[in-house]
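Visitor: Let me give you the structure first, and then I'll get to my questions.
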Amino acid sequence: METQSERRRLLEDGGGEEDPTGLMSEQDAYLSKVRNRNLYLATFASVLGPMSFGFVLGYSSPALPDLMRISDPRLRLDAVQASWFGSIVTVGAAVGGLLGGWMVEKIGRKLSLMFCSLPFVFGFTVIIAAQNVWMLYLGRVLTGLASGVTSLVVPLYISEMAHERVRGTLGSCVQLMVVLGIMGVYLAGLFLDWRWLAICCSIPPTLLMVCMCFMPETPRFLLSQGKRREAEEALRFLRGPDAPVEWECARIESGCDERGSSFQMSDLKDPGVYKPLVIGVMLMIFQQFTGINAIMFYAETIFEQAHFKDSDLASVIVGLIQVVVTAVAALIMDKAGRKVLLIISGVAMVISTTAFGVYFYLMSIHDDPAPLSLLGAEPHADLTWLALASMAIFIAGFALGWGPIPWLIMSEIFPVKVRGVASAICVLTNWSMAFVVTKTFQDMMSLLTSAGTFWLFASMCILNVIFTMVFVPETKGKTLEQIEATFRGASDR
């Protein structure tokens, strides 16, 4: 009969795949007794954070038109101020990513999530009570700070709670709730002014604080702190009364034995640390260089050319496409796998950004009267279908893979010992790249032309497909401990 240490070694190495009558049958037997109701409840409570994050991202779109024509000169924004009002959120979020990395290690996942609701509420309260432009900026920075913490903590919280059969689906709910929040604030913006809209935006983070009071800390964090009894209680809550949670607790412990110490710079020499860190950082860079911000920047103009007179309604349509496709991605994540969806998503964005480049190139040709006789008398109307089709394919492609999956993979690939620090580096990278791309976009348009800029994005999408095929591991159906062993074992053998 195998000893407990031998069993732990099998669990850590993923060796059960070679013995379908041994470990895997034991694992299947355990999972057959698991009840997911409380796991879904805890996930719902935590994803109120990403919904709040979505409200922050979407708030500027309906609020800016009001703030740019408001009668009070102390609050009225000019074009430059409006640009900062929209983009300063990314600065706060980058700082929030670093803060979140420190918080999850010091106070845990649950308390970090509860505390991040405070700057959400305070930020929107400052906006509601704003008497000048600087108060508006402060409110946006505070809500951005909370968004940065949320974008780090919630994926970690869900991945450490969920078992391998549903981790992909539940992890994808993070991005789904972000786009639901964006669409929700667009819809509310059709009926509410900027102050009442800010009041509505403060509701989800308030609910987050209340609901998380009744949810457990993650078992992996508790075990890393040596709190086995509390970890078993958390697992019993998450897995139901029939599951023998001691078995899963022992499995998690087998991967936590050597992680008692805190992160040291020397840990970066460990392939089990630096390999997933490089993958996580590159995924975040590629996500921002897909051109998502550029496409959203042009969305209103494209809809106007397609004779959508109400640009607010156009924004809701864009949000609806994101919600539907992200929901589809969540449903198929644990069946199709992360890697396949990333590749399909990347190919779709290569096609759409290339087509966008063609669209802007043809538009520039139409600006020259000479070729008009060759391409038709109504160039704008003739090309509308190309712009609309490109935008729809791009948004659907991004929502299918490169929207949700980088955040999901970030939450899966790091060892517990460095999970907070490594995730903070990834979040900081993502928001820094978002700020750089947003702020340099007009310069790129001037230097490379519109067509050249979108062809640059197409080139980046080609690179992210190649990177995915060569370097990104498939994490579908694997425990977090097995994923870690994959990186560590690749160098040991």
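The values are calculated or read from the model by the stated rules, or taken from the named source; none is laboratory data. If you're wondering where the values come from, they're calculated on a predicted model, not measured in any experiment. All Cβ positions, even for glycine, are placed from backbone atoms using ideal geometry, and neighbour counts span all protein chains on display.
Visitor: Quick check, is L238 crowded, with 22+ Cβ neighbours inside 10 Å and either in the same structural domain as I405 (by TED's automatic domain parsing) or modelled with pLDDT of 90 or more (or both)?
Guide: For L238, the condition - crowded, with 22+ Cβ neighbours inside 10 Å and either in the same structural domain as I405 (by TED's automatic domain parsing) or modelled with pLDDT of 90 or more (or both) - is met.
Visitor: Taking the residues in region 199-230 that are among the aliphatic types (A, V, I, L, M) and crowded, with 16+ Cβ neighbours inside 10 Å as candidates, determine which candidate is nearest to G181 (Cα to Cα).
Guide: The selected residue is L208.
Visitor: Looking for something farther than 23 Å from L400 by Cα and out of contact with any helix residue (DSSP H, G or I) (no Cβ under 8 Å at 6 or more places or on another chain) - is there at least one such residue anywhere in region 476-489?
Guide: Yes, the conditions are met somewhere in region 476-489.
Visitor: Read through the list (1) touching a Gly at 6+ places or on another chain (Cβ under 9 Å); (2) closer than 27 Å to M469 by Cβ; (3) surrounded by fewer than 19 Cβ atoms within 10 Å (Cβ to Cβ); (4) at pLDDT below 90, then give the number of the only condition that V436 fails.
Guide: (1)
Visitor: Sticking with this one: Do the conditions hold for V421, that is, is it hydrophobic (A, V, I, L, M, F, W, C) and either at pLDDT below 85 or surrounded by fewer than 24 Cβ atoms within 10 Å (Cβ to Cβ) (or both)? Spell out the reasoning first.
Guide: On the way: hydrophobic (A, V, I, L, M, F, W, C): yes; either at pLDDT below 85 or surrounded by fewer than 24 Cβ atoms within 10 Å (Cβ to Cβ) (or both): yes.
When the stated conditions are applied, V421 passes them.
Visitor: Tell me which residues, restricted to region 282-306, are in a loop (DSSP other than H, G, I, E, B) and either over 25 Å from Q442 (Cα atoms) or modelled with pLDDT of 70 or more (or both).
Guide: The initial filter retains those residues of region 282-306 that are in a loop (DSSP other than H, G, I, E, B), namely 289-291, 306.
Of everything in region 282-306, those that are in a loop (DSSP other than H, G, I, E, B) and either over 25 Å from Q442 (Cα atoms) or modelled with pLDDT of 70 or more (or both) turn out to be F289, T290, G291.
Visitor: For region 308-329, indicate whether the set of residues that are closer than 28 Å to L180 by Cβ, in contact with a Lys or Arg (Cβ under 8 Å, 6 or more places away or on another chain), assigned to a helix (DSSP H, G or I) and at pLDDT 80 or above is non-empty.
Guide: no
Visitor: For region 31-86, how many residues are of a type outside the set (G, A, S) and not in a helix (DSSP H, G or I)? Give the derivation first.
Guide: First pass over region 31-86, keeping only residues of a type outside the set (G, A, S): 31, 33-41, 43-44, 47-48, 50-51, 53, 55-57, 59, 62, 64-70, 72-78, 80-81, 84-85.
Narrowing the set further to residues that are not in a helix (DSSP H, G or I) leaves 33-36, 47, 69-70, 72-78.
Counting residues in region 31-86 that are of a type outside the set (G, A, S) and not in a helix (DSSP H, G or I) gives 14.
Visitor: While we're here: Kindly indicate whether I344 is modelled with pLDDT of 90 or more and surrounded by fewer than 20 Cβ atoms within 10 Å (Cβ to Cβ).
Guide: yes
Visitor: Check every one of the helices (runs of 4 or more DSSP H) wholly within region 389-493 and list those with 3 or more residues that are polar (S, T, N, Q) and without any contact (Cβ under 8 Å) to a residue 60 or more places away in the chain.
Guide: It comes to 419-471.
Visitor: Any idea which of (1) at pLDDT 90 or above; (2) β-branched (V, I, T); (3) farther than 28 Å from K478 by Cβ is the one I182 doesn't satisfy?
Guide: (1)
Visitor: Please work out if G240 is touching a Lys or Arg at 6+ places or on another chain (Cβ under 8 Å) and on the phi > 0 side of the Ramachandran plot.
Guide: Here the answer is yes, as G240 does meet what is asked.
Visitor: Consider C249 carefully, then state whether it is over 16 Å from L57 (Cα atoms) and in contact (Cβ under 8 Å) with a residue 24 or more places away in the chain. Spell out the reasoning first.
Guide: On the way: over 16 Å from L57 (Cα atoms): yes; in contact (Cβ under 8 Å) with a residue 24 or more places away in the chain: yes.
Considered against the rule, which asks whether it is over 16 Å from L57 (Cα atoms) and in contact (Cβ under 8 Å) with a residue 24 or more places away in the chain, C249 comes out as yes.
Visitor: With respect to E474, determine if the residue is in contact with a Pro (Cβ under 7 Å, 6 or more places away or on another chain), acidic (D, E) and either modelled with pLDDT under 85 or at negative phi (or both).
Guide: No, not satisfied.
Visitor: I279 is checked against (1) part of a helix (DSSP H, G or I); (2) modelled with pLDDT under 85 and fails just one. What number does that condition carry?
Guide: That leaves (2) as the condition not met.
Visitor: Among the residues of region 219-233, what is the count of those that are within 21 Å of P244 (Cβ to Cβ) and not charged (D, E, K, R)?
Guide: Residues meeting the conditions: 4.
Visitor: Now a separate question. In this structure, is T468 closer than 30 Å to T169 by Cβ, crowded, with 16+ Cβ neighbours inside 10 Å and hydroxyl-bearing (S, T, Y)?
Guide: yes
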